[in-house]
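Please treat every number below as a calculation from the coordinates, not as lab data. Quick caveat: nothing in here was measured; it's all calculated off a predicted structure. Cβ: placed from backbone, ideal geometry, glycine included. Neighbour counts: every protein chain shown.
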Amino acid sequence: MKRSILALASGAFALGASEFVMMGVLPNSAADTNVSIPTAGHYVSAYAIGVCFGALILIFGRKIKPRNLIIAFMIITIIGNFLAAISPNFAMLLTARFISGLPHGAFFGTATIMAKALADEGQEGTAVSQMVVGQTVANMVGVPFGTWLGSALTWRFAFVFLSLWAAMTIVLVLAFVPQIDAIKDAGMAGQFTFLKNPKPWFVIFAVFLGNSGIFCWWSYVSPWLQKVGGWSEKAVPILMVLAGLGMVIGGLVGGRFTDKYVPGAVAGFGQLISVIAMIAIFLDPGSRPTSAMLTFICAVGMFFISSPQQLLMVQLGEGGGEMLAGALVQIAFNAGNSVGSIVGGAVLDGTGMNYHLSSLAGVPFTLVAAALLFAFYALYERKHIKR
């Protein structure tokens, strides 16, 4: 991995861990801010809302050079996580989580453009996947580490750690990431021109529906592993490391395939992996080996599609909308997470906590997402397959 891509991956790690670490320290933060666990769930939602609003940064920052934007995003990450670490009550922690989410989508949109520009010819997909792998490593290492800090010391140290990591990322970016020109300034309205074409909507809805389906089950993976898989509560963090490994492998392999073939078809294949895994989860009567294996496979599928979708959207936004296009992937991702969690929770409530049916509820979403991506391939990519 080039040092410049490694520096960008460091930023992806900071944001990936910022997003997901709250799930591991939710009980601790709820107790410390004197709210119930369901109320503390708003700490997760506040981050997702921040991701959506953060896209505005790119709309107004289109003339700023990408490296400077990356540094600005890390400064916001430092502020948001530091405020989270010192929050004395619900309102302040909720605000801190919103601030922490602001740079997320904007970062990945900008970092995708930089990784593509810094890649060797023909290696753009690999470069993007290497940048995104920082987010997957966050799930494999950063989140379990933050959860351990919350249990062993205090949940606040997890956010102090993330602030320090973001500060380190600024140093790495200044040292190793060269300046590249800002994207073509198409004007305020010009950034949205690419959305008049149906192509990006195939991808946006595929990301949204795909993640809605996966998170019908993934949002409740911990109790599923215990109730269906038969694992103890203490074993769950280890299985989350296994899932993180699957995300890393899926992300890197997906990037390699993107360089060899076309991104829409690669993303469709990855989404098909998730469809099959979700059906298998529904049919699986439950055992430790099968639950561990299916968790790993589902994690592979989740991030196999990440780099091809991210790269595809940037390509579709060329002409002034590249950064906004890249950010829209993360917005759709987070919106899908929220919808999937709500649908999965409703299914569990309505079926007496039947964890098999929560995965079945996600299958139609993931199946439509796969169909959209294969339709994109058939309509727009088939004649341009890389040989």
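Using a Gaussian network model of the chain whose springs link C-alpha atoms within less than 10 Å, name the residue from K227, K63, K196 with the highest mean-square fluctuation. So, out of K227, K63, K196, the one fluctuating most is K196.
Relative contact order of region 1-185: what whole-number percent is it, with Cα pairs under 8 angstrom and at least 6 residues apart?
On the way: 296 pairs, mean separation 76.6, N = 185.
Once normalised by length, the contact order is 41 percent.
Structure note, pairs K2/K199; K2/K260; K116/K184; K116/K199: Cα-Cα distances above 25 angstrom occur for K2/K199. Could you identify which residue out of L360, L195, L15 has the top mean-square fluctuation in a GNM of the chain using Cα springs shorter than 10 Å? Comparing L360, L195, L15 in the GNM, the peak value goes to L195. Sequence-ordered 3J(HN,Hα) estimates for region 146-153 from the Karplus curve with 6.51, -1.76 and 1.60 and θ = phi - 60° stand at x, 5, 5, 4, x, 7, 7, 10 Hz, glycine and proline given as x.
Across region 13-28, coupling constants 3J(HN,Hα) worked out from phi with the 6.51/-1.76/1.60 Karplus curve, θ = phi - 60°, read 4, 4, 6, x, 5, 4, 5, 9, 5, 4, 5, x, 10, 4, x, 5 Hz, and Gly and Pro carry x. Each part gets one Cα centre, and for region 225-290 versus region 130-187 those centres are 23 Å apart.
Listed values for region 243-248 are Karplus-derived 3J(HN,Hα) couplings in whole Hz (6.51 cos²θ - 1.76 cosθ + 1.60, θ = phi - 60°), namely 4, x, 4, x, 5, 4, and x replaces Gly and Pro.
Using the Cα centre as the reference, give the magnitude of the dipole from point charges on the C-beta atoms of the chain (Lys, Arg: +1; Asp, Glu: -1; all else neutral), rounded to the nearest 20 debye.
Working: 21 positive and 14 negative charges, 109 e Å.
The dipole magnitude comes to about 520 debye.
Grab the Cα-Cα distance for M188 and N34, subtract it from 0.36 nm times how many residues apart they are, and report the gain in nm with one decimal.
Result: 51.1 nm gained on full extension.
The largest-to-smallest principal axis extents of the Cα set in region 187-386 are 54, 34, 27 Å. Using a Gaussian network model of the chain in which every pair of alpha carbons under 10 angstrom is joined by a spring, one finds that among Q179, Q309, Q271 the greatest mean-square fluctuation is at Q179. Relative to its residue count, region 160-212 spans a Cα convex hull of 174 Å³ per residue. Dividing the helix sum by the residues of the chain, where each DSSP H run of 4 or more adds -39500 (n - 2.57), gives a mean residue ellipticity at 222 nm of -26500 deg cm²/dmol. Using C-alpha pairs below 8 Å separated by at least 6 residues, the relative contact order for the chain is 24 percent.
At a threshold of 8 angstrom on Cα-Cα distance, excluding pairs fewer than six apart, so keeping six or more, what relative contact order does region 187-386 reach in percent?
Contact order relative to length: 41 percent.
Cα-based Rg of region 1-185 per 2.2 N^0.38 Å, rounded to two decimals?
On the way: Rg = 16.3 Å, N = 185, 2.2 N^0.38 = 16.0 Å.
Here the Cα radius of gyration is 1.02 times the empirical estimate.
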